[in-house]
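The values are calculated or read from the model by the stated rules, or taken from the named source; none is laboratory data. Note that the structure is a prediction, hence the values are computed from the model and not measured. Counting neighbours? That spans all protein chains shown, and the Cβs are built from the backbone with ideal geometry, glycine included. Just the protein is used for accessible areas: all its heavy atoms, side chains included, with ligands, DNA and RNA removed. Shrake-Rupley method; radii C 1.70, N 1.55, O 1.52, S 1.80 Å.
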Amino acid sequence: MAVKFFGQFLIEQSVVTSDALLNAIDLQDKNNLKLGEMAVSMGLITASDIQRAHNAQMSKDMKLGDLLVEMGFLTLDQLNDVITRQKNTHLYIGEALVQVGALTSDNLQKQLDAFKADQAGYVSDGIELPIASANNKIWEMTADLTYKMVTRVLNLRFRPGKCTLATSISHNFMLAAMDFAGDAEARYLLSVSEGLQKSIAKAILNEESVDGEPVEILEDTVMEFINVVCGNVAAKASQMGIIMNINPPVTVHSPLGGMPIPDGHKALSFPIHIEDGDTMELILLIKE
Amino acid sequence: MKRVLVVDDSLSVARQLEKIIAESGDFTCVGHAKNGAEAIKMNHTENPEIICMDMNMPGMDGLTALRTLSVMDKEVKVVMVTSLGGVGDKFTEALKLGAKNVISKPFEADNVLRILREL
């Protein structure tokens, strides 16, 4: 019930051992050459050319391939040839497991089908955002995964409201926050009422009533919920080639008048209208 | 009864895991550490056979603790329980450091117990 990669799914299902998976990953590492390594193996550039391009990357925010072209080490056609060769020779983990003898080809197909079914619930349906940002796909996926986790983890029925650009962060009973760092930077905030905090606590603790629970446990359940969402966002992002690191969740205490949007950020608000009439709000503070 | 140490900064996750372990009939929870450093201390004092450990914790994180535990104690079996389990390189790093498995959050009791029983 989470975003996984295929090797992890196979271990969790006891289809392969962790040793077998590590052998297959070693085989992948030997076979799947990085762009620079592939270009060297094709005789197009030398290791010192790569080193010079890596040094240049320290001061230029460019992909290695683009930089190799800009520095004149590769032509655009040669770069495309290298990328094509990388794609054509890429060894996927399933194939690697077959090669190390941990899976048969027949079983691989069966397991791929099972994996696809397991992960089907995490395929994004698409959400419209009011901004144009290079990472819109990531923010759409973040909202989409939040909705899915509200259903699957919290067992709450809801209707997503229209995403809007917020000018401030409204006060609410509790705000839980987690920061994304890396290729896409943002603060993930979930704003909940007292009633929704209890609903989340009941679902996370799997209890009928949480009336006697201390405040720190109730707050912790909301933080744990966003921790689960953000961890799964990071996993889904890594499948999309985007590295996102997360820090442990925190509670933010907002003043009664709400909070301004920090300079250099845009705030996307995603209202989540719960069946009982209450509303929680996902806010993404996106660093510009 | 196999002795299990739970390591997680989240009180609610620790509660969930302790409940699953207590109701299993074949495992007993010997304690709850809130970060990697506490886990290393409690591994010494409580002598668990299995450690269920979060990856992302304030202070010493789970992977750092796993690295230390894999050198200090070759017997204890560590399973990472984390929302970052689906991040391929984190998962691989945990296995390379000696974790026996990685359970992704949100988890289900049946899945947790199946994995613990297979250790």
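Annotations for the structure displayed:
- Using bins of 10 Å that start at zero, the share of Cα-Cα pairs per bin across the stretch A:214-264 amounts to 21, 32, 36, 11, 0, in whole %.
- Kirkwood-type radius of the stretch A:124-287, with distances r between different C-alpha atoms, in Å: 15.9
- Cα gyration tensor shape of the stretch A:79-217, rounded if a/c is under 1.5, else prolate or oblate by comparing a/b with b/c: oblate
- Accessible surface, 1.4 Å probe, highest first, among residues A:224, A:70: A:70, A:224
- Vicinal HN-Hα couplings computed from phi for the stretch A:74-88 (Karplus, 6.51 cos²θ - 1.76 cosθ + 1.60; Hz; Gly/Pro x): 9, 8, 4, 4, 5, 4, 5, 5, 5, 5, 4, 4, 4, 5, 5
- Average accessible surface area per residue within the stretch B:2-117, 1.4 Å rolling probe, Å²: 38
- The value of relative contact order for chain B, using C-alpha pairs under 8 Å at least six residues apart, is 23 percent.
- Residue pairs exceeding 19 angstrom between C-alpha atoms, taken from A:137/A:266; A:148/B:105; A:162/A:202; B:2/B:74; A:137/A:236: A:162/A:202.
- Percent carbon-and-sulfur accessible area, the protein assembly as shown, ignoring ligands, DNA and RNA, probe 1.4 Å: 50
- Electrostatic dipole magnitude of the protein assembly as shown [Cβ: Lys, Arg +1; Asp, Glu -1; Cα centre; debye, to 20]: 640
- Normalised per residue, the volume of the convex hull around the Cα set of the stretch A:6-121 (Å³): 144
- Of the trypsin sites (Lys or Arg not before Pro) found in the stretch B:69-119, those that fall in a DSSP loop while having at most 16 other beta-carbon atoms within 10 Å are B:74.
- Filtered trypsin sites (Lys or Arg not before Pro), the stretch A:91-166: DSSP coil and at most 13 other beta carbons within 10 Å: A:157, A:162
- Translational diffusion coefficient of the stretch B:2-117 (Stokes-Einstein, Kirkwood radius from Cα pairs, 4 °C, 1.567 mPa s): 95 µm²/s.
- When its C-alpha radius of gyration is set against 2.2 N^0.38 Å (N residues), the protein assembly as shown gives a value of 1.06.
- Pairwise burial A:B, computed as accessible area of each alone minus the pair, summed, 1.4 Å, Å²: 2900
- Loop sites in the stretch A:9-97: trypsin sites (Lys or Arg not before Pro), DSSP, at most 13 other Cβ within 10 Å: A:34, A:60, A:63
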